[in-house]
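The values are calculated or read from the model by the stated rules, or taken from the named source; none is laboratory data. Everything numeric here is computed off the predicted structure, so don't read it as measured data. Backbone-built Cβ (ideal geometry, glycine too); neighbour counts: all protein chains shown. Note: accessible area is taken over every heavy atom of the protein model, side chains too, but ligands, DNA and RNA are not part of it. Shrake-Rupley method; radii C 1.70, N 1.55, O 1.52, S 1.80 Å.
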Amino acid sequence: MSKLGDIPVVIESGQKYKTPHGVVAIKDGVKSGGEVTARLPKPKWLRIVNQISPSYNKVKEQVVKHQLSTVCEEAKCPNIAECWSHGTATIMLMGSVCTRACRFCAVDTGNPHGWLDKDEPENTAKTVALMNLDYVVLTSVDRDDLIDGGAKHYADSVRAIKARCPNTKIEALTPDFQGKEKDIATLLDSGLDVFAQNVETVERLTYPVRDKRAGYWQTLNALAFSKNYRPEVLTKTSLMLGLGETDDEVIKTMDELRAKNIDILTLGQYLQPTKHHLPVVRYVTPEKFLEFREIGLEKGFFEVASGPLVRSSYRADRVFKRDNLGL
């Protein structure tokens, strides 16, 4: 067990966390010795304040009426009311079974054996039109069972949406496509506005946080290729904080992202989805999130959305417009 300053860190060999409430050992994503009885208590700034509005109710009505599916609802996102009230939503493509098993994520893991819904691109476009969205985020599980990782399916969905809703801005929060540039190019050629892949955490914590098939530099290089290939398409990534990273590591990551010309960064608090996932090592204060935002802007990011409840797609419309996201 080791510490950097006052911040507890993950030790790669033993994969243990030292927290103010005792030592937590991790093996295959499960805490050994049973569940820790004294978890870090959630601080008051993580309380959610609903912002229901007439605009939100209109979107909700369409979702219920047409039995539409959004990540916003399925993931119980804390920001659903705010985003829907401003005409922004996130839609998941290619099913709910992921071929990877990241230790921060509660999505089901398995092998879809190449299954795809061929009607999904057109149905997604209909959903965007029915919800009257100004900005839509398309995302998905990892699909390593597909030769192109689902790149063509993404591209078909983007084109279908643009055909029906030419003024809707589209962000794709994608798998890493195993770093294959030709597959990334397939998506970038579709008329996309924002290309996003999440680095998730600092380089040192990439494992055990992410699946072994993912990679810190694989993600950064995919984003760098995107910017070089289609400079007009904004690039975006996200970091979860509270997994054991240090402040210096967060700042170092910012430097490495800017060296790859990544435009947009989001920072949010990691929350443990179940007792079988990695524990929260620290809760980062709103003041620290604000400090990180200021540092990021000084380093040249187009925009930085930074706050305890910020998620990858949080108010993506405002981020795209550079709408003073001090959170």
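Take the alpha carbon gyration tensor of region 188-287, find the square roots of its eigenvalues, order them as a ≥ b ≥ c, and report rounded if a/c is under 1.5; if not, report prolate when a/b exceeds b/c, else oblate. It is prolate, given that a/c is not under 1.5 and a/b is the larger ratio. Restricting region 114-181 to chymotrypsin sites (Phe, Trp or Tyr not before Pro) that sit in a DSSP loop and have at most 16 other Cβ atoms within 10 Å of their own Cβ leaves TRP115.
In region 209-264, which GluC sites (Glu not before Pro) are in a loop and have at most 10 other Cβ atoms within 10 Å, using DSSP for the loop call? Passing sites in region 209-264 are GLU232.
Which chymotrypsin sites (Phe, Trp or Tyr not before Pro) does region 254-289 hold that lie in a coil by DSSP with at most 12 other beta carbons within 10 Å?
For chymotrypsin sites (Phe, Trp or Tyr not before Pro) across region 254-289 that sit outside H, G, I, E and B with at most 12 neighbouring Cβ atoms in 10 Å, the list is empty.
The label point for ASP117 and the one for GLU291, both projected 7 Å from the Cα toward the Cβ, are 4.5 nm apart.
Expressed as a whole percent, the accessible surface of region 181-264 that belongs to carbon and sulfur atoms is 50, based on a 1.4 Å probe. Looking at region 175-327, the accessible area is 35 square angstrom per residue; that uses a 1.4 Å probe and ignores ligands, DNA and RNA. Can you give the FRET efficiency to the nearest 0.05 for GLU203 and GLU61, using r as the Cβ-Cβ distance and R₀ = 51 Å? It comes to 0.70. Placing +1 on each Lys and Arg Cβ and -1 on each Asp and Glu Cβ, with no other charges, gives region 94-241 a dipole about its Cα centre of roughly 240 debye.
Remark: for residue pairs LYS58/LYS162; LYS182/LYS299; LYS236/LYS260, the C-alpha separation exceeds 20 Å in LYS58/LYS162; LYS182/LYS299.
Computed over protein heavy atoms with a 1.4 Å probe, the carbon and sulfur contribution to the accessible area of region 98-178 reaches 49%.
A 1.4 Å probe run over the protein chains yields, for region 125-173, 36 Å² of accessible area per residue, whole-number rounding.
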